[in-house]
Structure formats: structure tokens, C-alpha cells
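The values are calculated or read from the model by the stated rules, or taken from the named source; none is laboratory data. All values reported here derive from a predicted model rather than from experimental measurement. Cβ atoms come from the backbone with ideal geometry, glycine included; neighbour counts cover every protein chain shown.
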Amino acid sequence: MAGPIRLALFDMDDVVYAYTRADRIAHLAAVTGLDPAFINERVWSEGLEAAADGGAFPTPELYIGSWRDRLGYPLAVEDWVEARRRGMRLIPGTLAVIERLIAAGTVVGVLTNNGPLVHVYRETLAPELARLVGDRFLVSASFSTMKPDPQVFHRALDRLGFSPEESFFTDDMPENVEGARAAGLSGSVFTTPAALEADLAAHGLL
């Protein structure tokens, strides 16, 4: 019989922070003078970000270099970070749930499909979350694969020191939750903080 859940693992984008790619692209366009549609095509439609999330560019230098190559523009890291920050808005209700979990004794971590710069600049991009989870802020690129691959969950849990049976995961994308369940974790599809709170209570966490 499985023991109690000790770890709650959260996705970041559209769970803890609402993410709007258009706001991010708007800042990049203002900085570079490039057309927003061109930026979207070169970075997202052609798969650069998906490749980065899966670990294709394991260092910050390789990652920002890939952006510069695709855009044909010498994008500064600081401008990349500011654009990413402008695309994020805190969801206060989720943060309150995380704080309640921690107060109740549950360990909380993050597993987000993102590249190395999000990890390096996590305290700038997600300060409210970073201060709560510390070094348990994980990005998929660190594991050379990404959600929903069950392997990313196994590798993340190995790093954190927890078994799947004692771990819970929430994400706004159902396929990612299915990947977590395939890896042996309990899981819940995020819709609202209130619904998440009810799911956590059903798992005995609140």
C-alpha cells in the first residue's frame, strides 16, 4: 500500500503564473525592431523553444546563441529575461495554496518545461515561487527530455530524493498529468486554485 504523499510538484506556466506569449513577443519586437510574426515563426513555430525545453541547448550560452542565430539579431540576455518576465503574471490563489502546503509540512517543488535561462534567472522571473521552493525549482532541459515523457518525472524525483508513490503533480496540460501518472505519481489537471485546493484535500494534503 502506498504511503502518504510528501512532495507536491507544480508546473509553473499557467499554474503559478499566467503566461502570455504575445506580451513576451511584443517586448522582443520593441527591442529588436523585428516583426512579431517573424519572431513567433522563428522561435516557436519552427520548434526552437520545444528543442530547448528538451535539452538541445544545455548551457545558457548555447541557448541564447540559438535565439541570436534564429532571429539574426544580437539579443542580450537581459532583454530575453525582461521579455520573459513581461509574459508572466502571478496567480495569487495558487501561491496561497503552495504556502498552505508548506505550512502543513509538505515539500513543494517545480517542474517546468523550460530551458536553462529560466533556471538561471528564476529569482528574477518568478521571485515569489523561487523563494518558496529554493533549489527544488527544476526545468526540463536539465533532464534532456520534457513533459509528458515519464522519464522526466523519474529523473526529477531522483534529484529531489522522492519516490513516485509519495509524490503529487499538477499541470494545466492534461497530457503532462498523464505522463506523471504513467511514471507512478498522483496527478491533477490544474484549472483554478480552488479546484486544486479541493484535489489536494482529497489526497490528504490540505
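Remarks
A quick yes/no check of all residues on (1) in contact with a strand residue (DSSP E or B) (Cβ under 8 Å, 6 or more places away or on another chain); (2) crowded, with 20+ Cβ neighbours inside 10 Å:
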residue: 113; (1), (2): yes, yes
residue: 140; (1), (2): yes, yes
residue: 167; (1), (2): yes, yes
residue: 175; (1), (2): no, no
residue: 190; (1), (2): yes, yes
residue: 193; (1), (2): no, no
residue: 203; (1), (2): yes, no
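- The number of residues in the stretch 138-197 being of a type in the set (S, T, N, Q) and assigned to a loop (DSSP other than H, G, I, E, B) comes to 5.
- Residue match in the stretch 103-115 (condition: outside any helix (DSSP H, G or I) and at positive phi): yes
- Residue among 112, 106 that alone is β-branched (Val, Ile, Thr), in contact with a Ser or Thr (Cβ under 9 Å, 6 or more places away or on another chain) and assigned by TED's automatic domain parsing to the domain that holds residue 184: 112
- Among residues of the stretch 141-169, those that are among the hydroxyl-bearing types (Ser, Thr, Tyr) and in contact with a Gly (Cβ under 7 Å, 6 or more places away or on another chain), counted: 2
- The stretch 155-170 residues that are without any contact (Cβ under 8 Å) to a residue 40 or more places away in the chain, paired with ones that are among the aromatic types (Phe, Trp, Tyr) (beta carbon under 6 Å, 6 or more apart): 155/143
- Hits in the stretch 163-195 (condition: hydrophobic (A, V, I, L, M, F, W, C) and closer than 18 Å to residue 6 by Cβ): 168, 169, 180, 183, 185
- Condition met for residue 55 (surrounded by fewer than 21 Cβ atoms within 10 Å (Cβ to Cβ), within 30 Å of residue 6 (Cβ to Cβ) and assigned by TED's automatic domain parsing to the domain that holds residue 28): yes
- Wholly enclosed strands (runs of 3 or more DSSP E) of the stretch 1-96 bearing at least 2 residues free of Cβ contacts under 8 Å to residues at least 60 places away in the same chain and over 30 Å from residue 205 (Cβ atoms): none
- Residue check: residue 99 meets all listed conditions (1) out of contact with any helix residue (DSSP H, G or I) (no Cβ under 6 Å at 6 or more places or on another chain); (2) closer than 23 Å to residue 161 by Cα; (3) surrounded by 19 or more Cβ atoms within 10 Å (Cβ to Cβ) but one, namely (3).
- For the residues 7, 28, the requirement of being closer than 15 Å to residue 98 by Cβ, over 14 Å from the mean Cα position of the chain (by Cα) and surrounded by 16 or more Cβ atoms within 10 Å (Cβ to Cβ) singles out 7.
- Conditions (1) basic (Lys, Arg); (2) in contact (Cβ under 8 Å) with a residue 60 or more places away in the chain; (3) touching a Phe, Trp or Tyr at 6+ places or on another chain (Cβ under 6 Å): number failed by residue 122: (2)
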